[in-house]
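Only the coordinates and a few stated rules stand behind these numbers; no lab work does. Quantities reported herein were computed from a predicted structural model and do not represent experimental measurements. Neighbour counts run over all protein chains shown; Cβ positions are idealised from the backbone, glycine included.
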Amino acid sequence: MDQPAAPQFRIGQGWDTHRLEAGRPLILGGITIPSNAGLTGHSDADVLFHAVTDALLGALALGDIGMHFPDSAPEWKGADSENFLRHAVDLITKEGYALANVDSTIILEQPKLKDFRAAIRDNVARVLGLPANRVGVKFKTAEKVGPVGEGRSCEAQAAVLLSRLKPGG
Ligand code: C5P
Ligand code: MG
C-alpha cells in the first residue's frame, strides 16, 4: 500500500527545568548572565537550549534529548549544550525539513533577563541558522509561587514549526 505523502508542516514543543545553585554560572541560550546563582546539571544545564532541542526532536518524533545524549555518559559531563542543539538541527535537515520559526519562554524569578534578550535571541538564531526575527525569546517570573517562584529552579518552554523542503515524499 502507498505511504501517505510526508506532511508539509510539523510542530514540536519542548520543556526543561534545572535547579539553581549558588556559585554556578547561569547560561541561557549559550549566553552567560551575571547572577549569584546558576543552573546545575550533567551538562552546562542550559535549560533554553535543552527545551529547543526537545522541541526539534519532538517535531520529527525522534525521541528526546536524553535518548540522544544520556546523562550517564561521561562525554556529556559539563558539555556545551550548543552541541545538542546542532545535532537536532542536523537531523531535521537529514529528514528533509527546514525550520520555519521558534518561540520560547524562560521562567525565572531573578535576575531580570530583558537586557539580555537580544544577545540570547541572536545566539539561538546563530546556532539554528535562522534570522533573528524568526526566534521568539520571552521571559516570565513565576510570581514567587512554587519552586521557580521561590528561586530554586528555572524552566524553559519552546515551540517550533518545521516546513518540508520538497513537497510530497
Ligand atoms: O512575570 P512577569 O509578568 O512579572 O514579568 C514581567 C516582565 O519582566 C516580562 O514581560 C519580562 O519582560 C520581564 N522579565 C525579565 N526577567 C525575568 C522575568 C521577567 O526580564 N527573569
Ligand atoms: Mg536540561
Original post:
How big is the chain by Rg and Dmax over its Cα atoms, in Å?
Top reply: 16.4, 60
Subject >> Euclidean distance between Cα centres, region 94-124 to region 1-73, Å >> reply: 12
Original post:
Per residue and in Å³, how big is the convex hull formed by the alpha-carbon atoms of region 75-141?
Top reply: 101
**OP:** Would you calculate a helix-derived [θ] at 222 nm for the chain, using -39,500 (n - 2.57) for each DSSP H run of n ≥ 4 and dividing by the full residue count, to the nearest 500?
**Re:** -7500 deg cm²/dmol
**OP:** Specify which residue in the list Gly149, Ser35, Val124 is farthest towards the positive end of the charge dipole of the chain, using unit charges on the beta carbon of Lys, Arg (+1) and Asp, Glu (-1), about the Cα centre.
**Re:** Val124
Original post:
With the contact rule set at Cα under 8 Å and sequence spacing of 6 or more, what percent relative contact order holds for region 21-169?
Top reply: 28
**OP:** Within 10 Å, count the other beta carbons around each residue, average over each peptide in 10-18, 128-136, and list them highest first.
**Re:** 10-18, 128-136
Original post:
Based on the Cα atoms of region 13-99, what semi-axes does the equivalent ellipsoid have, where each is the square root of 5 times one gyration tensor eigenvalue, given in whole Å with the largest first?
Top reply: 24, 13, 10
**OP:** Calculate, for Trp15 and Glu75, the FRET efficiency according to 1/(1 + (r/R0)^6) with r their C-beta to C-beta distance and R0 30 Å; round to the nearest 0.05.
**Re:** 0.75
Original post:
So how many Lys-Lys pairs in the chain land under 12 Å Cα to Cα, not counting same-chain pairs under 8 apart?
Top reply: 4
Original post:
Considering only DSSP beta bridges with both partners in region 56-169, what is the antiparallel share in %, to the nearest 5?
Top reply: 60
